[in-house]
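So the structure is just underneath, and the comments pick up after that.
The values are calculated or read from the model by the stated rules, or taken from the named source; none is laboratory data. These numbers were taken from a predicted model, which means no experiment stands behind them. For neighbour counting, all protein chains shown are included, and Cβ atoms are generated from backbone atoms with ideal geometry for every residue, glycine included. For the accessible areas, the whole protein counts, side chains as well, though only heavy atoms, and no ligand, DNA or RNA atoms are used. Shrake-Rupley method; radii C 1.70, N 1.55, O 1.52, S 1.80 Å.
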Amino acid sequence: MTGEWKGTISVVGEKNYLTDSSRRPPLKVVNFSGEDGESIVYLASSSPGLFNGDRQEISCLLKEGAHLFLTDASATEIHPSLTKEECRQNQVFQLGKNSKFEYISEPLIPFKGSNYDGKMSIYMTEGAQAIIGEIITAGRVGRNEIFEYQCFQSSFEVYWDEQLQVWDSIRLIPESNLKENGILGDFTHISTLWILSDHIKIEHLQHIQNAILKDSEAFDGYGGASRLQNRGIVIRVLGHSTQTLQKVMKTCWDYFRQELFHLHPFDVLK
């Protein structure tokens, strides 16, 4: 099964609107305006999740000055099926001049026997800014289904003015003694938050390192933050629960939303 969504966000007056949208089931879209004029888009699916062999294509163009907050309605459950072929999720976002993009997705949950391959590509231009967060779980941890999937792999790439500036890849194969080799220690969840902006300063990195991540015992996790070679910061945290990592991610997102966008934080309703 292949689900697809293509959208365009444009500024009309002082508000942002989803001016073009096409979809292919099972993907569905809910759109409304935020208090600060941003366009808020929820992606939902009539399917219970992704199964081996499924495809999901998501793409969106943000025109000059546009502001989009994108999220999904619930966690993405990655199911096994009779085929061994991986399910694929491909996401492409093109950010126009001085546009703002926020994408805080719900966790990815790879079930026992599942096989996932994801890719996200971000194309930035002058003045564009983005805050992008993702959480990967070990499986249905509440049912003691921990690292029992076939393979989980995901790549993230960022182009500034058509030049590759960031490339990051995660590939986890439990059968290769993932836990025994101590690759993640005793942690089961991984969160990554990308901050992409021309306005990043060393003070921003120091705040994350010293004010939020320094006392890792307070959130029962292990985290770090690094400044990218150009125009950004990456924050990665390991933990034992989705709720813990979401709390850390929300704190970081709120901080950068105020620092970079000069907008107040808001709670995402699900």
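The strands (runs of 3 or more DSSP E) falling completely within segment 63-156 that include 2 or more residues that are buried (at least 17 other Cβ atoms within 10 Å of the Cβ) and in contact with a Cys (Cβ under 9 Å, 6 or more places away or on another chain) map to 67-72, 76-79, 87-95, 115-124, 129-136.
Among the residues of segment 5-15, at least one is of a type in the set (Gly, Ala, Ser), touching a residue at least 40 places away in the same chain (Cβ under 8 Å) and open to solvent by less than 30 Å² (accessible area, probe 1.4 Å). Would it be correct to say that Ser191 is in contact with a Leu (Cβ under 6 Å, 6 or more places away or on another chain) and under 28 Å from Ser74 (Cβ atoms)? Criteria met by Ser191. With respect to the conditions (1) modelled with pLDDT under 95; (2) under 17 Å from the mean Cα position of the chain (by Cα), Ile40 lacks only one, and its number is (1). Tallying residues that are assigned to a loop (DSSP other than H, G, I, E, B) and either on the phi < 0 side of the Ramachandran plot or within 15 Å of the chain's Cα centre (by Cα) (or both) within segment 230-270 yields 11.
Could you please give the count of residues in segment 202-229 that are within 30 Å of Gly127 (Cβ to Cβ), outside any helix (DSSP H, G or I) and more than 20 Å from the chain's Cα centre (by Cα)?
Step one: filter segment 202-229 for residues within 30 Å of Gly127 (Cβ to Cβ), giving 202-213, 223-229.
Narrowing further to those that are outside any helix (DSSP H, G or I): 213, 223-229.
After this cut, where a residue has to be more than 20 Å from the chain's Cα centre (by Cα) as well, the list is 229.
Selection size over segment 202-229: 1.
Report, by residue number, each residue of segment 202-245 that is of a type in the set (Lys, Arg) and closer than 21 Å to Ala128 by Cβ. If you could, list the steps in order and put the result at the bottom.
Going residue by residue through segment 202-245, those that are of a type in the set (Lys, Arg) are 214, 227, 231, 236.
Selection gives Arg227, Arg231.
Candidates in segment 159-198 are the residues that are out of contact with any strand residue (DSSP E or B) (no Cβ under 7 Å at 6 or more places or on another chain), in a loop (DSSP other than H, G, I, E, B) and modelled with pLDDT of 90 or more; of these, the one that is surrounded by the most Cβ atoms within 10 Å (Cβ to Cβ) is Thr188. The residue that is modelled with the lowest pLDDT, among those in segment 210-242 that are open to solvent by less than 70 Å² (accessible area, probe 1.4 Å) and among the polar types (S, T, N, Q), is Ser216. The requirement of being surrounded by fewer than 15 Cβ atoms within 10 Å (Cβ to Cβ), over 17 Å from the mean Cα position of the chain (by Cα) and under 29 Å from His262 (Cα atoms) is fulfilled nowhere in segment 44-51; no residue meets it. A Cβ distance below 6 Å, combined with a sequence gap of six or more or placement on separate chains, defines the contacts here; from segment 243-270, residues that are at pLDDT 95 or above and open to solvent by less than 40 Å² (accessible area, probe 1.4 Å) reach residues that are of a type outside the set (Phe, Trp, Tyr) and in a loop (DSSP other than H, G, I, E, B) in the pairs Asp254/Pro265; Arg257/Leu263; Arg257/Pro265; Leu260/Ser197; Leu260/His199; Leu263/Asp36.
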